[in-house]
Amino acid sequence: MVLARSHWENANSVSEFNYTDVSGSCTFQLGWEPNGGYTIDVISPFGSAGSSNITFTEGKSYSISYTVHCRVPQRQTVSVPETDTPFIISIMSKFFPVPYYSRSLYSITDDNGIESYRSPGWIHWRTSVSPGSPVYMNAENFRDYRNGLNCSAVPYPFIPEPNDTCYAVLDNRNSIFTWSEFHFSTSAWHVADDTSYDISAWLAEPLEYRNPVAASCCPGSIYSGSDDNLSWIRYYQDMEFQQDNPDDPLSAGLVLGPFMIPAGERSLDIGSTGDQPGLDMDLFLFVDRNANRSVDDMSELAASSTSPTSNESISLTEPDTEVAYWIYIHGWQVPDEGGKIDLGLSFEPEMLDVYSLEPTGYQSSQPQDFSFLTSSDTLETGDIYLLAGENVIFPEKSEDRWYFEASLNTAFFNTGSVEIFRSEGELIENLSWNVCLDSISPQLTYLSVIVDSAAMEVLVEALCNDEGSGIWEAVSSIDSLDNNRLVLREDSIQSCRIDIAPLSGQTVSAGVCFTDSAGNETTGNIDIHVPLRPAVLFRSVYPSRTVYDHRPVLQLYADFRDDLTGWSAAAVLSDSSGAFREELNPFVIDGNIIQFRPQEHLDDGSYTVIVRIIDQDESIAAEHSWSFSIDTMTSIL
């Protein structure tokens, strides 16, 4: 099936779909789409492929070819025992995508499975299937579904009434597509001669109450009778783990990886299942963001699933097939005897033999040595060698790590590609390993500090360049205050605002620190005198730009000094011409929030608000003003 979707993530996005003929071709009549073009998805039992944001010009013809990885397809059938003879019926022949982008199209029966698909339990759009899994409808609900109407479904196949059909519908929420296989073996049932077997009642039962069934899987999978509807390409059964630090996902004792995702994969699923009482585990998917083939910290987290159960699910819409991944199986709450779950992947992971490269990337000085780990623990010194271009190095093994000195050949990493061979010449792995020297610190060319005494803020601006490894981090600090990250503006200036009210009346040092990717630092400092804190600090005014409400609420936040008590507030609202002027009293004072509102509707134009804080002596303790505009929203039909 080929699906063309327009208006990505739009509630009214329209889908067109078609099926390829025996030659693998299909034709669409698609027009010009102004909002991002089309997303093309190719879904088949052999794999999936596709493209994002393709645009077309009306009146022209286009030809697009896709290649999917070949996997052996499985029969889409259910084996139904009737007394002594099994009867095989087809429950699906094609997948039907949802006609438009929707997260809440159908309802699912409740978890107890009491109602049938004809009278489902409506659960306020709470779905019981994961994105990409099929749901099943009879003909009546399927017609409503095809017309974009609310419909009902069940998460498992059923035996239809006479002259009716069981439709398998593929949900396209988040563009996750999965080809599911259902083949229930006759060996799953042991029926006595005097016992009638109601297959319809069996299929209507919740999955956890059914008799075990044997399901067919693609080659390379291991199936253990799981009731998960996904047909996992790789299935790991009875994975054991212990209690981990519940506050630290990186403490997981059970880790799958590193592995890479095969090229051509587009929409993938990872899921765990378990029924052990009291077991709560979480799944964390980490990605190698700095090409060192190791998980450094939580910044490399790509996705997670942390429900209060052992049934977790992670979906990847656009996986990166050029980097390494790890699956951390984290025991959040595990019984004393340990935990056990099954793990399924909708793809075949390409396990990596070499990982934990040290160091990688930019370095400020020549490292003393380089090291790595291998998945095989039987290799010893002399069993492998490294090749980069014409450079050959024989590493030495110390405990679990392999080492070689940087001084052996400083040009070893010039190509960025390193091949690792066994001593007899067999290639273990070809990997990217880049190491570059950058000993030059960033160049700070401009530093400015501007004090705003009314707001008790300081604006820090700086211009810093690094032509080597590039700026990695830019922060500003003032004495004992917390560091603030500098933000890059369009004019290449990095700036931030810092609240200096806690430093009232002091002379302090405002500084910046720029660090490049190699670890080189450049700092700059300016001494500033912080004025005394005013009686009132005004912040967060509204409205400050154009509004379409002709009687808007005028609001600001006022932070009062502790010694200012018994105060009151008043405001003056005037237009830019001076023809309109209105004195206002607060209609809401809630802590630090003060609100005013005009008596009548205002005309279109520009306005200025002046807010005054009056102390107990009827003197003006503080004053603040700002401007805004009112306009009329027009519609063109």
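Does Ala455 satisfy being without any contact (Cβ under 8 Å) to a residue 60 or more places away in the chain, touching a Leu at 6+ places or on another chain (Cβ under 8 Å) and within 23 Å of Pro534 (Cα to Cα)?
Values: without any contact (Cβ under 8 Å) to a residue 60 or more places away in the chain: no; touching a Leu at 6+ places or on another chain (Cβ under 8 Å): yes; within 23 Å of Pro534 (Cα to Cα): yes.
Against the criterion (without any contact (Cβ under 8 Å) to a residue 60 or more places away in the chain, touching a Leu at 6+ places or on another chain (Cβ under 8 Å) and within 23 Å of Pro534 (Cα to Cα)), Ala455 does not qualify.
Just to be sure I understand, how many residues within the range 285-314 are open to solvent by 20 Å² or more (accessible area, probe 1.4 Å), of a type outside the set (Gly, Ala, Ser) and either assigned to a strand (DSSP E or B) or without any contact (Cβ under 8 Å) to a residue 60 or more places away in the chain (or both)? Give the derivation first.
Filtering the range 285-314 down to residues open to solvent by 20 Å² or more (accessible area, probe 1.4 Å) leaves 289-291, 293-299, 301-304, 306-309, 311, 313.
So of that shortlist, the ones also of a type outside the set (Gly, Ala, Ser) come out as 289-290, 293, 295-298, 301, 306, 308-309, 311.
Filter once more, so that each one left must be either assigned to a strand (DSSP E or B) or without any contact (Cβ under 8 Å) to a residue 60 or more places away in the chain (or both): 289, 295-298, 301, 306, 308-309, 311.
Counting residues in the range 285-314 that are open to solvent by 20 Å² or more (accessible area, probe 1.4 Å), of a type outside the set (Gly, Ala, Ser) and either assigned to a strand (DSSP E or B) or without any contact (Cβ under 8 Å) to a residue 60 or more places away in the chain (or both) gives 10.
Any chance the range 318-336 includes a residue that's in a loop (DSSP other than H, G, I, E, B) and of a type in the set (Ser, Thr, Tyr)? Step through it out loud before you land on a result.
Of the residues in the range 318-336, the ones in a loop (DSSP other than H, G, I, E, B) are 318-324, 334-336.
Still in the running and of a type in the set (Ser, Thr, Tyr): 321.
Yes, the conditions are met somewhere in the range 318-336.
Mind counting the residues in the range 257-305 that are among the polar types (S, T, N, Q), within 17 Å of the chain's Cα centre (by Cα) and farther than 16 Å from Ile327 by Cα?
Let us first name the residues in the range 257-305 that are among the polar types (S, T, N, Q), namely 267, 272-273, 276, 290, 292, 294, 299, 304-305.
Retained after the next criterion (residues that are within 17 Å of the chain's Cα centre (by Cα)): 267, 299, 304-305.
Next cut, farther than 16 Å from Ile327 by Cα only: 267.
Matching residues across the range 257-305 total 1.
Could you count how many residues in the range 581-637 are open to solvent by 30 Å² or more (accessible area, probe 1.4 Å) and either in a loop (DSSP other than H, G, I, E, B) or in contact with a His (Cβ under 9 Å, 6 or more places away or on another chain) (or both)?
Residues in the range 581-637 being open to solvent by 30 Å² or more (accessible area, probe 1.4 Å) and either in a loop (DSSP other than H, G, I, E, B) or in contact with a His (Cβ under 9 Å, 6 or more places away or on another chain) (or both): 25 in total.
Hey, which of the strands (runs of 3 or more DSSP E) in the range 437-504, taking only ones fully inside, have at least 3 residues that are open to solvent by 70 Å² or more (accessible area, probe 1.4 Å)?
Working: elements: 443-452, 457-465, 471-478, 494-499.
Qualifying strands (runs of 3 or more DSSP E): 443-452.
The values are calculated or read from the model by the stated rules, or taken from the named source; none is laboratory data. Just so it is clear, the model here is predicted, and its values are computed rather than measured. Don't worry about glycine lacking a Cβ; one is built from the backbone with ideal geometry, like all the others, and counts go over all protein chains shown. Remember, those area values only see protein heavy atoms, side chains included, never the ligands or the DNA or RNA. Shrake-Rupley method; radii C 1.70, N 1.55, O 1.52, S 1.80 Å.
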